[in-house]
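Each remark here refers to the structure printed beneath this line.
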Amino acid sequence: MTRRGLFLPVVCVLGFVFLYAPIVSLVVYSFNDSRLVTVWGGFSTRWYAQLVTDPQILGAAWISLQVAAISASLAVALGTLAAYVLTRFGPFRGRAILTGMAAAPLVMPEVITGLSMLLLFVAMEGLVGWPAGRGMTTIIIAHATFCMAYVAVVVQSRLAGMDESLEEAAMDLGARPVRVFFDVTVPVIAPALVAGWLLAFTLSLDDLVIASFVTGPGASTLPMVIFSKVRLGVSPDINALATIIIAVVGLGVALGTWQMRRAMRGRKAG
Amino acid sequence: MPDTQTAAARRPWLDPTAQPFVRILNVTKKFGDFTAVWNVSLDIWKGELFGLLGGSGSGKSTLLRMIAGFETPTAGRIEIDGQDMTAVPPYERPTNMMFQSYALFPHMTVERNVAYGLLREGKSRAEAMERVAEMLKLVQLTPFAGRRPHQLSGGQRQRVALARALIKRPKLLLLDEPLGALDKKLREETQFELVKIQETLGITFIVVTHDQEEAMTLSSRIGVMNEGEIVQVGEPNEVYEFPHSRFVADFVGSVNIFEGRVIEDEPDYIRLASAEAGCDIHVGHGVACALNQTLWYAVRPEKLRLSRTDPGGAFNRVPGVVDEIAYLGNLSIFRVRLDSGKMVRATRANVARVDEEATSWGDRVWVSWTDTAGVVLPR
């Protein structure tokens, strides 16, 4: 009993250290006054000040946020449609292919996805003249494509767990299928849609490889800017930027959790 | 003859000129290789409360879902009020359904749940709300109009589901195990409430249930289903007292069945020799059968008499030993092992507060029955 009692906390602490020590050190060093990343030179917020005056970083952050928001929304729309077809339409011709295709981006190496997207865009430009050149549009399309697979997985499990007689009941009461979808299905799977959107948003915000392939002049996302800066040596302002990103993501997760808790409490009360 | 007049009006299936309201004609439903419903034909009249009774997998729910339009028959036709409904989608059918899970919309209040059907019909908000208020009054849910389904008890949810299914005044209401999720006491109350509502509104009901007691309490007629087929249709007492087959006899209520061989076949009686019973069985009416044919004799537990003394006679009486007694208050159930080894079940209403014979475990008793107590079954 005692051994088990000691073993668990030790492993737990080690696990957390392994996961979070790098992040903690990054946050700590973002307040480092020294220009050298590895030497502590006292507390300072000068890198944060420098960051908000850097037009390159701010521009990239704005592009990243736009790309993430638009591609997440597209991915939710497309992924939900795919999930709906796969869970509700029973066996149909080509179902196996659709299942495989919808899930393929989950396991496809990013390099391949990026490269094939690039080839597609180049070929399309040659054939139909759209998209003209590469830039934000192509990144959005590429991100929507691979994020869609994740959304489809999340939404599919929620749809499968939903009581189908809810949809039948709406139909029985005189609602046509499209109406049923928006009146009943969407509200019931709304948590999955929100979760899928957040997941897609994060994935898009994170992505470096695919964006690097399909981007063009003037459309550098935040990860691309960070990566190119780091190649010239890690500067403390990157630490500051990373800390801000962690704070924003952490705040988002906390808000989401709080919102969900509140919804659950409202459900149980009364 | 005012009595026969009302009787005929209440029992249209006895009137050969009456037009059925729902006609199910040779309907078959297959899922791949599995046949869920096989060649079912059924007529249901206006104002009936028809019970579809069967075990799980008997096809009763599939049949109901075909009437609602959620499944398309593989073969056959379904007509409602003279119109062919086979290819009509559920949202255009004059039917509404109450689901086993109730299927209340979790994101809508009780009021909006009930109003949903009316709003889809294109009714104005004001008119819809007026009718919803009326309906909620009928099912006694007015104080709960603003609640969400998860804030209600099982019985309240059941009534919301009923209100929502009734609000469009459907020609035909389909109920899938409507009382399955309620506890026994509530179920009994709700059964009578359901019948009262059905009589008030005059809507035709089709109720699917696996509970034979529920089917008996609710229904004007019962259709018993087994393995996708309708095996018998009749009024509750018909199905109980005059089953067509061993399956129906056994499924509806409990029964003792003896296998026997015809040894006397006269116009006004037959006699069976039954090794299983351990005595001859005398049946007090003529039966279409042949000598030496194997038949089954089914007799309900409440029609068996237990006595400590030999009732006498040459048939319909057999000795045995009391193996088990279950005292249920209003009645007692005895399991008696006959000398042939067959176990029979007999019930006795506890009309007196003390059993004068004091029948107890291990006692030797005589089991007897009259010559009209049971039915002869050919299969």
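Structural descriptor for the stretch A:124-259: relative contact order 31 percent, calculated from alpha carbon pairs under 8 angstrom and at least 6 residues apart. Taken along the Cα-to-beta-carbon direction at a fixed 7 Å, the label points for residue A:8 and residue B:227 span 5.4 nm. What the Cβ-Cβ distance of residue A:107 and residue A:157 gives, at R0 = 25 Å and to the nearest 0.05, is a FRET efficiency of 0.90.
The stretch between residue B:324 and residue B:350 holds 7.7 nm of extra length on full extension. This uses 0.36 nm per residue minus the Cα-Cα distance. Of the chymotrypsin sites (Phe, Trp or Tyr not before Pro) found in the stretch A:67-131, those that fall in a DSSP loop while having at most 10 other beta-carbon atoms within 10 Å are A:89, A:92.
Just so you know, the Rg over Rh for the stretch B:254-373 is 1.00, from Cα atoms, with Rh as the Kirkwood radius. Taking every residue in B:322-328 and counting other chain Cβ atoms within 10 Å of its Cβ, the average works out to 0.
For the stretch A:26-70, run through the chymotrypsin sites (Phe, Trp or Tyr not before Pro) and keep only the ones in DSSP coil with at most 14 other Cβ atoms within 10 Å of their Cβ. Answer by residue number: A:40.
What FRET efficiency would be calculated for the residue pair residue B:333, residue B:261, taking the C-beta separation as r and a Förster radius of 25 Å, to the nearest 0.05? Step by step, r from the Cβ atoms, then E = 0.25. Straight-line cross-link reach from residue B:137 at under 16 Å between alpha-carbon atoms covers these aspartates and glutamates, not counting any fewer than eight positions away in the same chain: B:111, B:127, B:193.
Largest first and in whole Å, the equivalent-ellipsoid semi-axes of chain A read 38, 29, 18, each the square root of five times a Cα gyration tensor eigenvalue.
Taking label points 7 Å from Cα along the Cα-to-Cβ direction, residue B:246 and residue A:56 give a separation of 9.0 nm.
Placing R0 at 30 angstrom, the Cβ-Cβ distance between residue A:85 and residue A:206 gives a FRET efficiency of 0.60 after rounding to 0.05. The alpha-carbon atoms of the stretch A:1-44, seen along their principal axes, cover 50, 15, 13 angstrom, with the largest extent given first. Between residue A:178 and residue A:127, full extension at 0.36 nm per residue minus the direct alpha carbon distance yields a gain of 14.8 nm. Computed per residue of chain A from DSSP H runs no shorter than four, each worth -39500 (n - 2.57), the mean residue ellipticity at 222 nm is -26000 deg cm²/dmol. DSSP assigns beta bridges within chain B; of those with both partners inside it, close to 75 percent run antiparallel.
I need to check one value: relative contact order of the stretch B:46-131, counting alpha carbon pairs closer than 8 Å and at least 6 residues apart, in percent. Result for the stretch B:46-131 is 15 percent. Close amide H contacts of residue B:208 (hydrogens built in the peptide plane, cut-off under 5 Å, sequence separation of 5 or more or a different chain): B:52, B:175, B:176, B:177.
Roughly how many whole Å is it from the C-alpha centroid of the stretch B:105-177 to that of the stretch B:306-374? The stretch B:105-177 and the stretch B:306-374 have Cα centres spaced 51 Å from each other. Spin-label pair residue A:40-residue B:310: with each label point 7 Å from Cα along the Cα-Cβ axis, the two points sit 10.8 nm from one another.
When the alpha-carbon atoms of chain B are used, the pair Rg, Dmax equals 24.7, 77 angstrom. Per-residue 3J(HN,Hα) values for the stretch A:244-249, derived from phi via the Karplus relation 6.51 cos²θ - 1.76 cosθ + 1.60 with θ = phi - 60°, read 4, 4, 4, 4, 5, 4 Hz in sequence order (x marks Gly and Pro). Note on residue B:358 and residue B:75: the extension gain reaches 95.9 nm, defined as 0.36 nm multiplied by sequence separation minus the Cα-Cα distance.
Evaluated with a Cβ-only charge set (Lys, Arg +1; Asp, Glu -1), chain A carries a dipole of roughly 620 debye about its Cα centre, given to the nearest 20.
Every number here is computed from the coordinates shown, using simple stated rules; none is lab data. Bear in mind that the values here come from a model prediction, so they are computed numbers and not experimental data. Cβ sites come from the backbone with ideal geometry, for glycine too, and all protein chains shown count toward neighbours.
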